[in-house]
Amino acid sequence: MLTVAFIGNGKSTNRYHLPFLLKTGKFQVKTIYSPSEEKVWAVLPDTHYTTRLEDVLEDSDLDLVIITTPSQWHYHYAKLALEHDKNVLLEKPFVENPDEAKELFQLAKDKGLMLQGYQNRRFDSDFLTTQKVIESGRLGDILEVEMHYDYFRPEIPETVESYSRATSYLFGHACHTIDQVLSYWGNPERIHYDIRQLLGPNRMNDYFDIDFYYPNSLKVSIKSSYFRLKERPSFVVYGKKGVFVKEKKDRQEYDLKHFYMPDNADFGLDGPEDYGTLTYMDNQRVYHEEKVVSEVGDYSLFYQALYETLANGKEKLVKDEQTIRLIEILDEGISTIENKN
């Protein structure tokens with residue numbers, strides 16, 4: 001069992017970390033720090049809740065500190081934890097610029113510590129299913145992939161009256177899909193950015209459309225908006241022989257929001273109505289259209305991999321260079337509107 005502490009006690013800790021960390025059975029939570037004494041979420045038994053940051057930083061028994069604060073505090077708390085000789089798992093979007101990311105990784109290297117970004121969305125069901133279809137070869141050479149992450153939440157940008165990186169849609173949401181792109185297809189040859197403030201200059205960034213160009217004519221696009229009353233498909237993959245459409249997103253977040261937790265056997269599972277559709281022509285020019293049973297998404301697999309890194313010295317799931325490149329892309333994208341404001 002590895003002993004961990006959290007810096008932060010909000011939605012991220014309680015909805016996206018604790019259920020999956022505890023599911024592995026390989027971590028025990030000793031301390032949860034928050035500057036506020038208010039406990040909105042259920043209290044975890046046998047865990048010390050504290051408003052004293054020293055209870056985390058000065059505890060030599062900890063194997064890992066997990067930082068889940070608002071993103072504008074990520075760099076500050078990660079540096080503090082590393083300076084106090086703690087291994088660190090840092091929530092996305094990691095930090096706000098590439099220089100901060102490079103500094104933190106260098107500090108961790110100099111002190112012989114582990115620092116890693118939290119990228120649970122590598123274990124989304126729709127993403128895993130799309131990989132399965134691509135690797136089946138039934139689509140032939142892949143020409144284009146569209147990844148959509150839409151909401152209809154106009155009240156969010158409408159109530160944010162000024163621009164900041166910390167509240168931008170790009171930093172808050174593209175950090176999921178860009179990591180998926182980098183983890184599966186690697187670093188692109190070039191990128192085109194369309195980053196917008198639909199409510200006007202000096203308002204919240206509430207839209208992005210980014211194209212990643214790869215060899216052999218492959219283009220991967222990620223698109224997202226707060227103003228989509230009807231969501232676009234989660235994934236659409238076009239190949240020389242056919243197309244795969246996955247309409248529905250991974251269900252883990254949906255279940256979590258309804259307090260339906262991973263200890264339920266059907267947690268996060270797609271039903272037949274959620275399966276994607278694969279349409280293709282085979283080598284005999286015979287037309288096929290079939291449902292593809294979804295892969296099982298499981299965010300606890302991230303923590304399984306993290307345990308192997310910390311306990312058994314295995315390579316980190318999320319590589320330093322992937323995280324740095326992710327922050328570079330976010331920085332390049334958001335700079336296209338910052339230069340106009």
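Key figures
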quantity: Complete set of residues in the range 126-164 that are of a type in the set (Lys, Arg) and either buried (at least 19 other Cβ atoms within 10 Å of the Cβ) or modelled with pLDDT of 95 or more (or both); calculated: Lys132, Arg138
quantity: Yes/no for Arg190 being under 27 Å from Gln116 (Cα atoms) and at pLDDT below 95; calculated: no
quantity: Selection from the range 157-172 of residues that are more than 20 Å from the chain's Cα centre (by Cα) and not hydroxyl-bearing (Ser, Thr, Tyr); calculated: Pro157, Glu158, Val160, Glu161
quantity: Only one of Glu308, Glu289 that is within 24 Å of Ser125 (Cα to Cα), outside the structural domain of Gln131 (by TED's automatic domain parsing) and without any contact (Cβ under 8 Å) to a residue 40 or more places away in the chain; calculated: Glu308
quantity: In the range 285-313, the residues that are over 22 Å from Val29 (Cα atoms) and either more than 19 Å from the chain's Cα centre (by Cα) or of a type outside the set (Gly, Ala, Ser) (or both); calculated: Arg285, Val286, Tyr287, His288, Glu289, Glu290, Lys291, Val292, Val293, Ser294, Glu295, Val296
quantity: Matching residues, the range 252-292, being in a strand (DSSP E or B), touching a helix residue (DSSP H, G or I) at 6+ places or on another chain (Cβ under 8 Å) and charged (D, E, K, R); calculated: Lys291
quantity: Hits in the range 9-47 (condition: on the phi < 0 side of the Ramachandran plot and loosely packed, with under 15 Cβ neighbours inside 10 Å); calculated: Lys11, Gln28, Pro35, Ser36, Glu37, Glu38, Lys39, Val40, Trp41, Ala42, Val43, Pro45
quantity: Among (1) surrounded by 16 or more Cβ atoms within 10 Å (Cβ to Cβ); (2) within 15 Å of the chain's Cα centre (by Cα), the one test that Pro70 misses; calculated: (1)
quantity: Residue count for the range 314-341, restricted to those that are of a type in the set (A, V, I, L, M), assigned to a helix (DSSP H, G or I) and within 14 Å of the chain's Cα centre (by Cα); calculated: 3
quantity: Among (1) over 26 Å from Ser136 (Cα atoms); (2) out of contact with any Gly (no Cβ under 7 Å at 6 or more places or on another chain), the one test that Val296 misses; calculated: (1)
quantity: Given (1) within 24 Å of the chain's Cα centre (by Cα); (2) crowded, with 17+ Cβ neighbours inside 10 Å, number of the condition Tyr280 does not satisfy; calculated: (1)
quantity: Selected residue [in contact (Cβ under 8 Å) with a residue 12 or more places away in the chain and small (Gly, Ala, Ser)] from Ser335, Ser294; calculated: Ser294
quantity: Counted residues, the range 45-79 - those being more than 28 Å from Thr323 (Cβ to Cβ) and part of a loop (DSSP other than H, G, I, E, B); calculated: 5
quantity: Among the residues listed as Glu295, Glu273, the single one being modelled with pLDDT of 95 or more and surrounded by fewer than 17 Cβ atoms within 10 Å (Cβ to Cβ); calculated: Glu273
quantity: Residues of the range 77-87 classified as under 22 Å from the mean Cα position of the chain (by Cα) and either surrounded by fewer than 24 Cβ atoms within 10 Å (Cβ to Cβ) or at positive phi (or both), total; calculated: 3
quantity: Residue in the range 86-108 that is closer than 24 Å to Val29 by Cα and touching an Asp or Glu at 6+ places or on another chain (Cβ under 7 Å) present; calculated: yes
quantity: Residues (farther than 24 Å from Lys314 by Cβ and free of Cβ contacts under 8 Å to residues at least 24 places away in the same chain) located in the range 104-138; calculated: Ser136, Gly137
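The values are calculated or read from the model by the stated rules, or taken from the named source; none is laboratory data. Worth saying up front: this structure is predicted, and the values here are computed from it rather than measured. Note: ideal-geometry Cβ built from the backbone for every residue, glycine included; neighbour counts use all protein chains shown.
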